[in-house]
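The values are calculated or read from the model by the stated rules, or taken from the named source; none is laboratory data. No experiment lies behind these values; they were computed from the predicted model shown. Note that each Cβ is placed from the backbone with ideal geometry, even for glycine, and that neighbours are counted across all protein chains shown. Ligands, DNA and RNA are stripped out before the accessible areas are found, and what is left, the full protein with its side chains, is counted by its heavy atoms. Shrake-Rupley method; radii C 1.70, N 1.55, O 1.52, S 1.80 Å.
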Amino acid sequence: MHDTASDSNSIHQCTSTSVGCPACKDLEPVWQRLAADLGPGGILVGKIDGTKNRALMTRFSVRHFPSIYHITGVETREYSGRHTLQDLSAFAMGNWKKVEPRTGCASPVSRCGRLYGEIGKLPARGKAKYFELRDQKQYSDVSLFAGMLAVPVLVHLKCDTILSGRKFSSIGEPTSPTDQNTSATAVAATVSGQPEENKKKKKRKKQRTIHVDPFSLPLPPSAFTSYQGQDQFRFSVTHQSTRSSARVCKIETPHGTITTPGYVPVATNAALKAVDTTVADSLGVELMFCNTYHLMLHPGSETVEQAGGLHSFMSRRRDRPLITDSGGFQAFSLAYGTVHQELHSSLKRKSSPSSEKRTRDGNLVLKISEEGITFRSYRDGTPMLLSPESSISAQKSLAADIILPLDELPPYHISEDILAASVARSHRWEARSLLHHIKEPREQACYGIIHGGSSTELRKASSRYISSLPFDGFAVGGSLGKTSEELFEIMQNVMGWLPRDRPVHVLGIADPINITRLATLGCDTFDSCHATRVGRHGAMLTEIGNLRVAAGDHKSAHRTPVDNCSCPTCTTYSLAYLHHLVKANEPIAATLLSVHNIYFMVEMMKKLHFAILNNEV
Ligand SMILES: [Zn+2]
């Protein structure tokens, strides 16, 4: 029934019934009334006898009768409410939008779902073939039985031949669909340092217990060749330093140009902490970072879309671009805590990122699987699935200029083989995200995210695979080391593997010292809530370190807070007054200090541009 429905844009609602099923008989009069009510409005209401269509039941994973589905386009949703005319009619008229469509093997139109359907047809086909051979070809039962025995023997011999001839290749992305599994397995075997044969056995054992091979790689680059990026998104190098890899570039977006190296403040809930967005714009902020996870929960991506996107909703200037993340960082932080928290606590977790039901902070995470991450909203307890597709769809509704694919954020303290599985999953999710994005780009650019933690081999494999896909730019995420030295070493390697024709964003790193060092490697943009967080904690950024405004010796400092600073705070207020505000816990203190800190970061980037243009760095 799905293929027929897919051919049109009409909406179908079907039920699977079984003869002799009491609930099905109770539903019958309601169903007929529903068909009569909705038919004139163009909503087709159908009914399938499940006892006569077992293959279709297998494909739809029907486990009970009656089962009710809503089908539109290629999306299928299952109804789980009451069998009343009012509820069913409401679901068909629009409440279906509140239900997540089936994805993966649960989707009847997925490759896996179609395979289930084909498997379900095998008994009927076998039976028909048997009667054909016996009655029309005149084969005896003994001959047919011998033939049936020969089939599994031949299949076994064929599989044995294939497995014995299988070889591992070096680390790297697959060049064709046929070598995906081989390359993926090589990643696991190399990082663990175990003999290949042992790794083969371990992998086969995992394949029996895990639905999706954790080391399998996603679609090859050839699957994306029809997508050439966005005309509205252009990246150009203004100047390449002769002294280092530092560069000054321009990223043109539908909402203005970003000059790099660029500082990107984080406006989690479409608002900077304690700073008015219009004030930040006046300070010279170009790109601003918003978090999809928080905006999905409140006010909801649909509400933002109704307002015309984030720019309209938050009254952002039309010549200042926005970037949103996938929501994965916050969702995984519920399960594992952030890497920052992990590194700054005594807790040494050895958890697997692939395990399910690992919960934290009030059991908000319900499940982490190949499909995505299911969590319970901390606002109203509603279960929500964050999948690559739903994350991209939410970011389409938010309508930022740059969006990011869903990736997995594993804990820091994990073994390399578990990290390898996590990187492989991130690659599969990012490929799914990109596929969903290019169906309807909407003038948005999508950056691929490089993972691999502190593992050089995994970072290399991730850089090569992600850069082989038609992403508009790259972001470097995951654990970036415990120290600035480790961060620099990881980024130095990654920047050496990434192509230079697309922008590179560093996720979650934007303190003055690290920005200055990473800019010499050619990194382009940096996001962090560092400046506003430091301001809320009573400190001002300066070229010689943080100025703690609440320090006792500032009580009578009736002078400019930071020398030679032209920000609104420093040109208006004295250090003694700011000291008083902080000590008195006045809310405006966080605003005034954060305004200075954002201005400091913007000015620091301008000085950096000047230094690069003069080949001084
Ligand atoms: Zn200032």
Original post:
What order do you get for 262-270, 406-414 when each peptide is scored by the mean count of other beta carbon atoms within 10 Å, highest first?
Top reply: 406-414, 262-270
Original post:
Once amide H atoms are built 1.01 Å from N in the peptide plane, which residues 5 or more positions from T76, or in another chain, come under 5 Å H to H?
Top reply: R102
**OP:** Mind checking region 58-110 for trypsin sites (Lys or Arg not before Pro) that DSSP puts in a loop (not H, G, I, E or B) and that have at most 11 other Cβ atoms within 10 Å?
**Re:** R63, R82
Original post:
Hey, with R₀ at 45 Å, roughly what FRET efficiency would H537 and L115 work out to, going by the Cβ-Cβ distance, to 0.05?
Top reply: 0.20
Original post:
What is the set of long-range amide H partners of I449 at a cut-off below 5 Å, with H atoms built 1.01 Å from backbone N?
Top reply: A475
Subject >> Karplus 3J(HN,Hα) series, Hz, for region 85-91 with 6.51 cos²θ - 1.76 cosθ + 1.60 (x for Gly, Pro) >> reply: 4, 5, 5, 5, 5, 5, 5
**OP:** Please list L122, L386 in order of solvent-accessible area, largest first, computed with a 1.4 Å probe with all protein chains present.
**Re:** L122, L386
Original post:
Say the cut-off is 21 Å between C-alpha atoms; which of K98/K396; K367/K439; K25/K47 go over it?
Top reply: K367/K439
Original post:
Sequence-distant or interchain residues sharing an amide H contact under 5 Å with G46, placed H: which?
Top reply: Q13, C14, T15
Original post:
Roughly speaking, what % of Cα-Cα pairs in region 540-604 are separated by over 15 Å, rounded to a whole number?
Top reply: 44
